[in-house]
Amino acid sequence: MENDKFLKQNDKFLKQNDKFLKQNDIFFKQWLVGLTDGDGCFYIGHNSKGYWNFAFKISLSIYNLQVLHYIKKNLGGGSITIETSKKMGTFRIRDIKMLRETIIPIFETYPLLTSKFYSYTRFKNAISVIDNDSLTKSEKNSLVFQTLATRIDKDFVSPIWLQNCTIPRKEFLKLINLHNLTKDVKYIYNLVALCDLKLIISKPWLIGFIEAEGSFYLTNKDNDRIVHGFGITQKLDPILLCGIRSFFGISAQIRYRVKHNYYILDNTNSRANENIITFFSGKNRSKTNMKSMKSVEFRIWSRSYFRYKGNYEKLDKIRDFMRKLKKT
């Protein structure tokens, strides 16, 4: 009797543990895709001996070296190299078997949301060609070189946006093309309003992407007033910035900087800041699920928002501390 009770409890524990591990695995993979959309790279190279080299890479500041170790542990392989002079660390997978059996399935299950989807598709297709035993070496080389010669269309967007929009693909691309001709983001605003963001942007993906590309900062609004700001810049993919803008309820307009050819989403609005804080740390502001030093920056930023909002002297000291923290 006692043994039966123990077995039932043990079975329940094992099921709960399996559920926990599965949830963690899903979180990690979606988070990794978000981080890759920000700081990842799919490399294809051809060496002097005539061999093709493939690599999946993520490069981060040494400041965030622990993130690379977190990725390596969860993927169960890869290597980490450090460039001391550049203060950069790179996680890299070169093993073709691991790329084929681990990396590609992740990005097939959880698609990239930026134009890196295009780079990934070329990468995946090139590996598929090399794996094709029915082709000669010459045929393989020719096909991979053809793949590398292709260039991304100016109106390219990740297909996940098209799949979750209520208008036809042709009309979708027309709106994107109008934007590309005029750099007028209002066309993208209209488009994002027709997309189901809950089916496109997952919480783990957004956490990973913000860890790569987001900025939590303090800035002078007036000579005697410091406010909390949140910002992202992107050279491509204004649709993503529009989606994140809508996701957080940010009222500020996305701006296009002609001189530097990039888009910027910048927010100092209190209500949107509170939406952002709730998203990353919950209603009780207990945890963030971030894996990088961005977690520390966010905690300082969010706590100072509630404790010292409007206190110039306190916020000025905290801003200096955050700046020094990033230089360590």
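The values are calculated or read from the model by the stated rules, or taken from the named source; none is laboratory data. These figures come from a predicted structure and were not determined experimentally. Using ideal geometry, Cβ is built from the backbone for each residue, glycine included, and neighbour counts are taken over all protein chains shown.
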Next on the checklist: Looking only at residues that are surrounded by 14 or more Cβ atoms within 10 Å (Cβ to Cβ) and free of Cβ contacts under 8 Å to residues at least 24 places away in the same chain in segment 142-170, which one is farthest from residue 188 (Cα to Cα)?
Outcome noted: 143
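Among the helices (runs of 4 or more DSSP H) confined wholly to segment 261-328, which include 2 or more residues that are over 26 Å from residue 224 (Cα atoms) and in contact with a Ser or Thr (Cβ under 9 Å, 6 or more places away or on another chain)? Walk me through it before giving the result.
Details: elements: 270-281, 294-308, 312-327.
Once the helices (runs of 4 or more DSSP H) in segment 261-328 are filtered for at least 2 residues that are over 26 Å from residue 224 (Cα atoms) and in contact with a Ser or Thr (Cβ under 9 Å, 6 or more places away or on another chain), what remains is 270-281, 294-308.
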Checklist entry - Hey, among the residues in segment 218-256 that are assigned to a helix (DSSP H, G or I) and either in contact with an Asp or Glu (Cβ under 6 Å, 6 or more places away or on another chain) or of a type in the set (A, V, I, L, M, F, W, C) (or both), which one's surrounded by the most Cβ atoms within 10 Å (Cβ to Cβ)? => result 239
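Mind listing just one residue for me: the one in segment 116-143 that is over 18 Å from residue 103 (Cβ atoms) and in a helix (DSSP H, G or I) and, of those, nearest to the chain's Cα centre (by Cα)? Walk me through it before giving the result.
As a first pass, look at segment 116-143 and keep what is over 18 Å from residue 103 (Cβ atoms): 132-143.
Keeping just the survivors that are in a helix (DSSP H, G or I) gives 137-143.
Working: 137: 36, 138: 37, 139: 35, 140: 32, 141: 32, 142: 33, 143: 30 Å.
The qualifying residue nearest to the chain's Cα centre (by Cα) is 143.
Regarding residue 243, is this residue at pLDDT 95 or above, closer than 16 Å to residue 322 by Cβ, small (Gly, Ala, Ser) and within 19 Å of the chain's Cα centre (by Cα)?
Working: at pLDDT 95 or above: yes; closer than 16 Å to residue 322 by Cβ: no; small (Gly, Ala, Ser): yes; within 19 Å of the chain's Cα centre (by Cα): yes.
In short, no.
With the structure loaded, tell me whether residue 116 is closer than 24 Å to residue 153 by Cα, of a type in the set (D, E, K, R) and surrounded by 15 or more Cβ atoms within 10 Å (Cβ to Cβ) or whether it fails that test.
Values: closer than 24 Å to residue 153 by Cα: yes; of a type in the set (D, E, K, R): yes; surrounded by 15 or more Cβ atoms within 10 Å (Cβ to Cβ): yes.
Here the answer is yes, as residue 116 does meet what is asked.
Got a sec? Which of 106, 130 is surrounded by 12 or more Cβ atoms within 10 Å (Cβ to Cβ) and over 20 Å from residue 38 (Cβ atoms)? Step through it out loud before you land on a result.
Values: 106 fails: over 20 Å from residue 38 (Cβ atoms).
Just a single option satisfies the conditions, and that option is 130.
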Item to check | Criterion violated by residue 73 - all others in (1) more than 21 Å from the chain's Cα centre (by Cα); (2) among the basic types (Lys, Arg); (3) surrounded by fewer than 16 Cβ atoms within 10 Å (Cβ to Cβ); (4) not in a loop (DSSP other than H, G, I, E, B) satisfied | outcome: (1)
Checklist entry - Based on what the data block shows, is residue 192 of a type in the set (Val, Ile, Thr), exposed (fewer than 15 other Cβ atoms within 10 Å of the Cβ) and touching a residue at least 40 places away in the same chain (Cβ under 8 Å)? => result no
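Within segment 271-313, how many residues are in contact with a strand residue (DSSP E or B) (Cβ under 6 Å, 6 or more places away or on another chain), touching a residue at least 60 places away in the same chain (Cβ under 8 Å) and within 16 Å of residue 209 (Cα to Cα)? Spell out the reasoning first.
Step one: of segment 271-313, the residues in contact with a strand residue (DSSP E or B) (Cβ under 6 Å, 6 or more places away or on another chain) are 273, 276, 297-298, 301, 305, 312.
Filter again for touching a residue at least 60 places away in the same chain (Cβ under 8 Å), leaving 297-298, 301, 305, 312.
With within 16 Å of residue 209 (Cα to Cα) added as a condition, the list becomes 297-298.
Number satisfying all stated conditions: 2.
Report the residue count in segment 135-190 for those that are charged (D, E, K, R) and assigned by TED's automatic domain parsing to the domain that holds residue 253.
Here is the first cut: in segment 135-190, the residues charged (D, E, K, R) are 137, 139-140, 151, 153-155, 169-171, 174, 183-184, 186.
From the residues that got through so far, the ones that are assigned by TED's automatic domain parsing to the domain that holds residue 253 too are 169-171, 174, 183-184, 186.
Count: 7.
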Item to check | Test for residue 263: is it crowded, with 19+ Cβ neighbours inside 10 Å, touching a His at 6+ places or on another chain (Cβ under 6 Å) and touching a residue at least 60 places away in the same chain (Cβ under 8 Å) | outcome: no
